[in-house]
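Down below is the structure, laid out as structure tokens.
The values are calculated or read from the model by the stated rules, or taken from the named source; none is laboratory data. Fair warning: this is a prediction, and the values are worked out from it, not measured in the lab. Glycine also receives a Cβ, built like all others from the backbone with ideal geometry; neighbour counts cover every protein chain displayed. The accessibility values were calculated without ligands, DNA or RNA, using every heavy atom of the protein model including side chains. Shrake-Rupley method; radii C 1.70, N 1.55, O 1.52, S 1.80 Å.
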Amino acid sequence: MLLVLFDHRPAYLAGAAESVSAMTLPAGPGCLGQHVIETLTELAGGWQRPPVVVSAAPHAPAQAEGIARAVADEVQVVSATELAGVLAECEPSDEVWLVDLQRWPAELGPARSELAARGAWSGALHLVAVGHKGEKTLERVEFDPEGHVKRVQRYYANLPALKSARQGVFLTVVPAAAVVDLRGGTTLSALRAQLADRGVLSRDVPLEVDACDLTTPSGVMQLNERLLTHKGTNGSPNGHAAHGERIVVAPTAKIAASARLVGPVAVHDRAEIGDNVMLIGPAVVGADARVATSATIAQAVITPGVTIEPRAIVRHQLALGISAETDQPGEATAPVAAPQATGMPAGMATPGPGWLSTPAGLNQPMRLGRLVQLGIKRAADAAVALVALALLAPVLALVALLVKLDSRGPVLFAHRREGLGGKPFPCWKFRTMVANAHLLQRQLYAQNEVDGPQFAMKHDPRITRLGRLLRATNLDELPQLANVLLGHMSLIGPRPSPFRENQICVPWRRARLSVRPGISGLWQVCRSEDRSQGDFHEWIYYDLTYVKHFSLWLDVKILVLTVVTLGGRKSVPMSWLVREPAGAGPAAGAASS
């Protein structure tokens, strides 16, 4: 087994020392090269020869020296033209692990099982970072001949995943025989295309991890933030415990006694922190960097060899050489070792403990109490569904026979709905319409009697004679007990809806799909008495109110009222179930949307 890392020199390093490259950039407590080698060595279990680094042109000798100084492990640095000779020394069946340091994820947990399960796979394996919460929206607006908006179609798609399929490959595992003539300068995405042209079998492994783009300063800061805040830091190895928790300092670094460090912070080899320096994390001071007296470093990465001038303030930046500002009005910014300090892109927020903003609530940990309630709810759902299916078996059998005798077609109708997290599932019902009802619906759109994306007609010609009775008594929904038993649904929850109905608004969709859909719910027992006037905003309002106020006690109340009202045939005031602020309600929800 052989590890090959393609080093590069991003454009933002153009004025830095020639020895600085992606391999030597800070990555948490060490440099990027160290981090990648240590991570992959653990996954692979070791290498048959030292890892090979393909140096980036045009300063290969200087970069080789910088890599050797930064990476503690033994590595072989070669030029782009020398790589083919190294690969020729491998056995044809040897695995070659190829890494392009233009991007790298802070966490490789999902990759462990994939790499361990590759077994006898003889082709190329490409690990692709598709990211977390990667859904985006595609919209198509249709106009009539007069230029008026006719229709808006919205489609939720994992656009980062589509892009990553072309550009998000960060690790390729391939037999040496397939890349024996490989030379430097080839990205992993381009290599994948070349291997396909040669007839080498390839398999993409999408991983729900975010790969940081190391060709940009913000990507370098993102990686360091995640390594420091999510993976954590150990105590200082050289005894600087007085500086606080979550601080790691290399043994050869020097820190003045009057300096104040607020973790998470990492200080690399031979770095110097002067008197009265304030270093606020997440922050990294690279190897051989010097932070002079009374400087303030806040949520920043200081690249190797950079000097920060006295009283300078560097915040939310990848510092490449010029301190950004001083605390003395009118004082000129002094030039330092490298040319500039590159900050975050314009308009990017820099809140709280990190450099990167995240949509509110997306990555917040779920409260323990809510997790416990959800666990109890799932167990109760399965138990009740199992007992109900056993007790209602004669009724289910009778209804199934009547459906079969009443009209041609299958007994059950499985409609594609979106469940927890947007995962599709077949929502089962006894068939109440003619077999080709879905084809006839397009012809009936003009007669739709409800608003929003749903479709309903009081006298729908597609409904069979028995179907009207089954719908009136809600007997058609009894097969959904099997959905509950299998975990597709819950007894109580938002109304299960198809993909088409979840395309209106991102917050609505995410909230509704954050819990399992239910056979009954707040909407079913509280909606308007006039069921022929289907208000889409009313439905959404009740579903989101349920998600907001979820509790086991609320589920019990809804379940009891579902039975008492015969499946929601009569409406009850929502105040019986939850308390909402004055003025809140479906009408208010519609107005705010």
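Read through the list (1) assigned to a helix (DSSP H, G or I); (2) under 20 Å from Leu566 (Cα atoms); (3) at pLDDT below 95, then give the number of the only condition that Leu439 fails.
Condition (2) is where Leu439 drops out.
This table checks each residue for (1) among the basic types (Lys, Arg); (2) at pLDDT below 85; (3) closer than 16 Å to Ser490 by Cβ; (4) not in a helix (DSSP H, G or I).
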residue	(1), (2), (3), (4)
Thr342	no, yes, no, yes
Pro351	no, yes, no, yes
Ala360	no, yes, no, yes
Ile376	no, no, yes, no
Ala380	no, no, yes, no
Ala383	no, no, yes, no
Val395	no, no, no, no
Ala400	no, no, no, no
Ala414	no, no, no, yes
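Taking the residues in the stretch 282-304 that are of a type in the set (Gly, Ala, Ser) and open to solvent by 10 Å² or more (accessible area, probe 1.4 Å) as candidates, determine which candidate is nearest to Cys31 (Cα to Cα). Even if it seems obvious, please write down each step before you answer.
The initial filter retains those residues of the stretch 282-304 that are of a type in the set (Gly, Ala, Ser), namely 283, 286-287, 289, 292, 294-295, 298, 300.
Next, from what is left, pick out any that are open to solvent by 10 Å² or more (accessible area, probe 1.4 Å): 287, 294, 298.
On the way: Ala287: 9, Ser294: 26, Ala298: 20 Å.
Across the stretch 282-304, the extreme among qualifying residues is Ala287.
Determine whether Ala84 is touching a residue at least 24 places away in the same chain (Cβ under 8 Å) and surrounded by fewer than 24 Cβ atoms within 10 Å (Cβ to Cβ).
Values: touching a residue at least 24 places away in the same chain (Cβ under 8 Å): yes; surrounded by fewer than 24 Cβ atoms within 10 Å (Cβ to Cβ): yes.
When the stated conditions are applied, Ala84 passes them.
Six or more apart or on different chains, Cβ atoms under 8 Å: show the pairs whose first residue is in the stretch 252-266 and under 12 Å from Met278 (Cα atoms) and among the hydroxyl-bearing types (Ser, Thr, Tyr) and whose second is open to solvent by 20 Å² or more (accessible area, probe 1.4 Å) and at pLDDT 90 or above.
Ser258/Asp275; Ser258/Asn276
Between Asp100, Asp94, which is in contact (Cβ under 8 Å) with a residue 24 or more places away in the chain, under 19 Å from Val173 (Cβ atoms) and surrounded by fewer than 21 Cβ atoms within 10 Å (Cβ to Cβ)?
Within the list Asp100, Asp94, the selection yields Asp94.
How about the stretch 1-116: which strands (runs of 3 or more DSSP E) wholly inside it have at least 1 residues that are at pLDDT 80 or above and farther than 28 Å from Pro264 by Cβ? Break it down stepwise before answering.
On the way: elements: 2-6, 52-54, 76-78, 95-100, 103-105.
The strands (runs of 3 or more DSSP E) meeting that bar are 2-6, 52-54, 76-78, 95-100.
Scan the stretch 535-547 residue by residue and report those that are open to solvent by 50 Å² or more (accessible area, probe 1.4 Å) and either in a helix (DSSP H, G or I) or within 12 Å of Leu522 (Cα to Cα) (or both). Quick ask: steps written out before the conclusion?
So the first thing to find is which residues in the stretch 535-547 are open to solvent by 50 Å² or more (accessible area, probe 1.4 Å), and the list is 535, 537.
The one that is open to solvent by 50 Å² or more (accessible area, probe 1.4 Å) and either in a helix (DSSP H, G or I) or within 12 Å of Leu522 (Cα to Cα) (or both): His537.
Somewhere in the stretch 147-166, is a residue over 30 Å from Pro498 (Cβ atoms), modelled with pLDDT of 70 or more and open to solvent by 40 Å² or more (accessible area, probe 1.4 Å)?
yes
I'm trying to understand the selection: among the residues of the stretch 1-33, which are open to solvent by 20 Å² or more (accessible area, probe 1.4 Å), out of contact with any strand residue (DSSP E or B) (no Cβ under 6 Å at 6 or more places or on another chain) and not small (Gly, Ala, Ser)?
Within the stretch 1-33, His8, Arg9, Glu18 qualify.
Out of (1) among the aliphatic types (A, V, I, L, M); (2) closer than 17 Å to Val96 by Cα; (3) modelled with pLDDT of 75 or more, what's the single condition that is false for Leu182?
Among (1) among the aliphatic types (A, V, I, L, M); (2) closer than 17 Å to Val96 by Cα; (3) modelled with pLDDT of 75 or more, the lone unmet condition for Leu182 is (3).
Criterion first (at pLDDT below 90 and over 14 Å from Val267 (Cβ atoms)) does Pro329 satisfy it? Steps first, answer last, please.
Values: at pLDDT below 90: yes; over 14 Å from Val267 (Cβ atoms): yes.
In short, yes.
So which of Asp197, Asp144 is over 31 Å from the mean Cα position of the chain (by Cα), open to solvent by 80 Å² or more (accessible area, probe 1.4 Å) and modelled with pLDDT of 70 or more?
Just a single option satisfies the conditions, and that option is Asp197.
Counting only residues that are open to solvent by less than 10 Å² (accessible area, probe 1.4 Å), assigned to a helix (DSSP H, G or I) and not β-branched (Val, Ile, Thr), which one in the stretch 480-501 is farthest from Met433 (Cα to Cα)?
Per the stated criteria, the residue is Asn483.
Take the residues in the stretch 548-593 that are in contact with a Lys or Arg (Cβ under 7 Å, 6 or more places away or on another chain) and open to solvent by less than 30 Å² (accessible area, probe 1.4 Å); name whichever of them is modelled with the highest pLDDT. It would help to see each step written out before you state the result.
At the first step, the residues of the stretch 548-593 found to be in contact with a Lys or Arg (Cβ under 7 Å, 6 or more places away or on another chain) are 552, 555, 571, 577.
Within this subset, residues satisfying the condition of being open to solvent by less than 30 Å² (accessible area, probe 1.4 Å) are 555, 577.
Numbers: Asp555: 95, Leu577: 90.
In this case the residue turns out to be Asp555.
Could you check, for the stretch 459-479, whether at least one of its residues is within 27 Å of the chain's Cα centre (by Cα) and either of a type in the set (Lys, Arg) or surrounded by 20 or more Cβ atoms within 10 Å (Cβ to Cβ) (or both)? Let's see the steps before the verdict.
Kept after step one, since they are within 27 Å of the chain's Cα centre (by Cα), are these residues of the stretch 459-479: none.
No.
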